[in-house]
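Reviewing the structure listed below.
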Amino acid sequence: PQFNTWQSRIKIGQFQSQVDWKNKVFNLSKKWLFKTPTITITDNSRLIIIDILKGNYKKNAIQHWQEAALLLGLIEEYKSSNSETTKVIINTYLDSKIDANGNWKQLPTEIDSVILGYALISIPWLDLGKNKPAFDSLYQLILSLKGEDGTIAYKKHSKHFRYVDTIGFICPFLVDYGVKLNNEEAINLAVLQITEFNKYALLNETFIPCHTYNLETQLPVGLFGWGRGLGWYAIGLIDAWKALPDNHLAKNQLENNVIQFAKMAMQFQQKNGGWHWLITNKSSQFDSSTAATLAWFLANASTIESISSECKIAKENALHYLQKVTRRNGAIDFSQGDTK
């Protein structure tokens, strides 16, 4: 494993242009959509047969959000290119997940999978009426994890905690599902999930999110400033805000949150365009998954006039960082944990 890592980093980041880099990443994304590299549960690289036998090697729910990220990227590429080849790839993937009656071929059972539903419902040409049963089942999965406070738990066994991950997993889907299928309760649930997290899990006035908070004590639990935690929050907030109708009562509130979060995130961006895995600790290693998710956030936040120019600059710097850490085959290196 060490030798493979070493040889794969030879000539890392050496692309002739940003277009050449984008094409490398895009071509690998098309392959990975159907055969995503196994995301291991542990960081073990030796004697993995033991983990396989114990059932601790991989987990399907983890793979779902990897596939969702790839699919969302391909959808964005299609929007800019109108490529029929890309459309065929997306349709082939859709057909592998949902049957002719609009039901899941393998019903998702974990909240991690909801972001895959968000990616699918984002397909521009999707026949929403035909595929409605699949999205309805995801909505019911979300509701099955609703607590007494009205917000959604990450797992049934951790019903007293609300994790930052859940904001990214469910909020964009809830708003998009609610808008497209005229379900106001779904939209309001997404807004509640974000506003309650803001109330109990942000560090004073800094807008730095914690990993989770305890419902009973209403106190934050775990690390503040975990890089990919910022990423999950960023995706949940920006995509929910984008999908929210302009006349919705929470639109301005979420826009203010976008501005606050953008200013905080840019404050911790380093000179090379990246962020540390613990953004407040400069001795911690850089994390590409943080840079990718925050670049997406900043690209969309730049549509807000008051922060537009600085968001565009920060986004370009983040993309420059990602290009520099991309292997010659198009795989972006130096990601933390289960995004590596």
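The table below lists the values:
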{"read-out": "Restricting the range 196-249 to residues that are of a type in the set (S, T, N, Q) and not in a helix (DSSP H, G or I), the residue that is modelled with the lowest pLDDT", "value": "Asn204"}
{"read-out": "Options Asn204, Asn247, Asn182; residue that is closer than 21 Å to Leu138 by Cβ, open to solvent by 60 Å² or more (accessible area, probe 1.4 Å) and over 15 Å from the mean Cα position of the chain (by Cα)", "value": "Asn182"}
{"read-out": "Residue within the range 208-230 that is over 23 Å from Lys155 (Cβ atoms) and hydroxyl-bearing (Ser, Thr, Tyr) present", "value": "no"}
{"read-out": "Yes/no for Ser309 being over 24 Å from Asn198 (Cα atoms) and open to solvent by less than 40 Å² (accessible area, probe 1.4 Å)", "value": "no"}
{"read-out": "The range 207-222, subset surrounded by fewer than 17 Cβ atoms within 10 Å (Cβ to Cβ) and either in contact with a strand residue (DSSP E or B) (Cβ under 6 Å, 6 or more places away or on another chain) or aromatic (Phe, Trp, Tyr) (or both), residue nearest to Thr151 (Cα to Cα)", "value": "Asn214"}
{"read-out": "Single residue of Ile62, Ile41 found to be at pLDDT below 70 and either open to solvent by less than 60 Å² (accessible area, probe 1.4 Å) or closer than 23 Å to Pro172 by Cα (or both)", "value": "Ile62"}
{"read-out": "The range 16-37 residues that are open to solvent by less than 50 Å² (accessible area, probe 1.4 Å), paired with ones that are acidic (Asp, Glu) (beta carbon under 7 Å, 6 or more apart)", "value": "Phe26/Glu77; Leu33/Glu67; Thr36/Glu67"}
{"read-out": "Within the range 6-38, considering residues that are among the β-branched types (Val, Ile, Thr) and modelled with pLDDT of 85 or more, the one farthest from Tyr321 (Cα to Cα)", "value": "Thr36"}
{"read-out": "Matching residues in the range 271-298 - criterion: being surrounded by fewer than 22 Cβ atoms within 10 Å (Cβ to Cβ) and either in contact with a Cys (Cβ under 9 Å, 6 or more places away or on another chain) or basic (Lys, Arg) (or both)", "value": "Lys271, Lys282"}
{"read-out": "Matching entry among Gly168, Gly129 (being within 22 Å of Gln66 (Cα to Cα), assigned to a helix (DSSP H, G or I) and modelled with pLDDT of 95 or more)", "value": "Gly168"}
{"read-out": "Of all residues making up the range 271-324, the number that are assigned to a loop (DSSP other than H, G, I, E, B) and hydroxyl-bearing (Ser, Thr, Tyr)", "value": "5"}
{"read-out": "Yes/no for Asp149 being part of a loop (DSSP other than H, G, I, E, B), open to solvent by 20 Å² or more (accessible area, probe 1.4 Å) and either in contact with a Leu (Cβ under 7 Å, 6 or more places away or on another chain) or among the acidic types (Asp, Glu) (or both)", "value": "yes"}
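The values are calculated or read from the model by the stated rules, or taken from the named source; none is laboratory data. Since the model is a prediction, treat every value here as computed from it, not as a measurement. Every residue, glycine among them, receives a Cβ derived from its backbone with ideal geometry; neighbour counts consider all protein chains shown. The accessibility values were calculated without ligands, DNA or RNA, using every heavy atom of the protein model including side chains. Shrake-Rupley method; radii C 1.70, N 1.55, O 1.52, S 1.80 Å.
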